[in-house]
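Notes to accompany the following structure.
The values are calculated or read from the model by the stated rules, or taken from the named source; none is laboratory data. Not measured: the values here are computed from a predicted model. Here the Cβ positions follow ideal geometry from the backbone for every residue, glycine too, while neighbour counts run over all protein chains shown.
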Amino acid sequence: MYLSKFQLKNFRNYSDSTIELGTGLNYFVGENGQGKSNFLEAVYALSIGKSFRTSSIRSLIKFDNNSTDSFVRGIANQDNSVLDLSLILNLDKDSSRTTKKYLFNGSDISSIDFIGKLNVVLFEARDLNIIIGNPAERRKFLDIHISQQDHSYLRALQRYNKVLTSRNKVLKEIKLRKSTRIELEFWTEKIVEDGSIIFKERMKRLNQIRDETIKVFSNLVRNDERLEISFRPSFRDFGTDITIERIHSLYNQISDKEIAAGTTLIGPHRDDFEIFVNNKSSSEFSSRGQIRTITLALKLGEANVISKNKNQAPILALDDVLSELDERRRKTVMDYISDYEQILLTAPNSDLINYDLKKSDVFKVHSGNIIQN
């Protein structure tokens, strides 16, 4: 799969830009603040249906000539078919209401059906938080990965989050004697049903990512550093022997504690995973350079899993991935990613790339304009 054409209109600092993209390496060079990251943000939005940076639609729209419409459009080639995807953003100036619209081959579709039509794996600076950030960052990473491939998982996750809110409300109300355990039992049954689906999928998919990430990491470091990834689920005592009945029983056992706390104490909303290098937690003991390499290995491992599961390589979107790597490691990274069907790579200058630029398409990014050299 690869993008052959891409258009941005009134998105971030872009007024109207259309570019033709090739397979292999597409290299975007420009100083910081010119729009390189905004471009990759737009590409990734066609994969996950939203910005990875903000939930505010208003902040994505560039208000030129009083226009309140913004869109991102990509034409992708997959095997012998052509995919036409558009994400349209609108702001109603009178009501200040914002809306999103999803188009696939000219037809309106839902946000869930839009996700994963175009598979993109993104690496950007904030992804280091997968290693050093809080558990919510790692859950987000897993949820996006799984949701691009399995819409039933995404639906289960959305239901779970709604039920979790309702169940927490009931727990608080029981403590205040405004609700009963009968109502709690209703929401417990709901949370167990979707919680078991989420737990099983996260465990399975993380194991796949772990296996691929370990392979990638060994290629990138070329030394005796050993990487391991361990799932830390909320239902950690169950191992692989998990059933709805066992989860339900566990909730019953801790119901008094949950009522006292006024919140749901166990479940996928408290899952986590940890990464170790040479049996030491990478979040505590790894240097920033090591963390960057680990995160890149994790992302490339994710890309390899998608390639195997969908029999179709995703697009790699790598934002300034080379800046903090030494020359040898930059060369290793470039050699490794060169086999992907399409790579979108940004950097502040061409000195960082140890690669034959004759084999790539080079674009200059300046003040919200993309020009092919």
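Below is a table of values for the structure above.
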{"quantity": "Inter-residue pairs, beta-carbon under 8 Å, first touching a residue at least 60 places away in the same chain (Cβ under 8 Å) and more than 21 Å from residue 205 (Cα to Cα) and in the stretch 258-283, second among the polar types (S, T, N, Q) and surrounded by 19 or more Cβ atoms within 10 Å (Cβ to Cβ), 6+ apart", "calculated": "258/264"}
{"quantity": "Unmet requirement for residue 253, which otherwise passes all of (1) without any contact (Cβ under 8 Å) to a residue 24 or more places away in the chain; (2) of a type in the set (S, T, N, Q); (3) on the phi > 0 side of the Ramachandran plot", "calculated": "(3)"}
{"quantity": "Options 296, 318: the member that is of a type in the set (A, V, I, L, M) and under 15 Å from residue 26 (Cα atoms)", "calculated": "318"}
{"quantity": "Residue in the stretch 60-74 that is among the aromatic types (Phe, Trp, Tyr), more than 23 Å from residue 24 (Cβ to Cβ), in the same structural domain as residue 6 (by TED's automatic domain parsing) and part of a strand (DSSP E or B) present", "calculated": "yes"}
{"quantity": "Exclusive hit being surrounded by 15 or more Cβ atoms within 10 Å (Cβ to Cβ) and under 21 Å from the mean Cα position of the chain (by Cα), set 299, 308", "calculated": "299"}
{"quantity": "One residue from 190, 200 being under 28 Å from residue 151 (Cβ atoms) and either buried (at least 20 other Cβ atoms within 10 Å of the Cβ) or at pLDDT below 95 (or both)", "calculated": "200"}
{"quantity": "Subset of the stretch 79-108 [surrounded by 15 or more Cβ atoms within 10 Å (Cβ to Cβ) and among the β-branched types (Val, Ile, Thr)]", "calculated": "88, 98"}
{"quantity": "Lone unmet requirement of (1) touching a Ser or Thr at 6+ places or on another chain (Cβ under 7 Å); (2) more than 25 Å from residue 371 (Cα to Cα); (3) not in a strand (DSSP E or B) for residue 103", "calculated": "(3)"}
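Residue by residue, here is whether (1) over 17 Å from residue 131 (Cβ atoms); (2) at pLDDT 90 or above holds:
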residue: 292; (1), (2): no, yes
residue: 308; (1), (2): yes, yes
residue: 315; (1), (2): yes, yes
residue: 319; (1), (2): no, yes
residue: 328; (1), (2): yes, no
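Quick grid of which residues meet (1) modelled with pLDDT of 90 or more; (2) closer than 27 Å to residue 141 by Cα; (3) aliphatic (A, V, I, L, M):
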{"position": "3", "(1), (2), (3)": "yes, yes, yes"}
{"position": "11", "(1), (2), (3)": "yes, yes, no"}
{"position": "18", "(1), (2), (3)": "yes, no, no"}
{"position": "26", "(1), (2), (3)": "yes, yes, no"}
{"position": "32", "(1), (2), (3)": "yes, yes, no"}
{"position": "47", "(1), (2), (3)": "yes, yes, no"}
{"position": "54", "(1), (2), (3)": "yes, yes, no"}
{"position": "88", "(1), (2), (3)": "yes, yes, yes"}
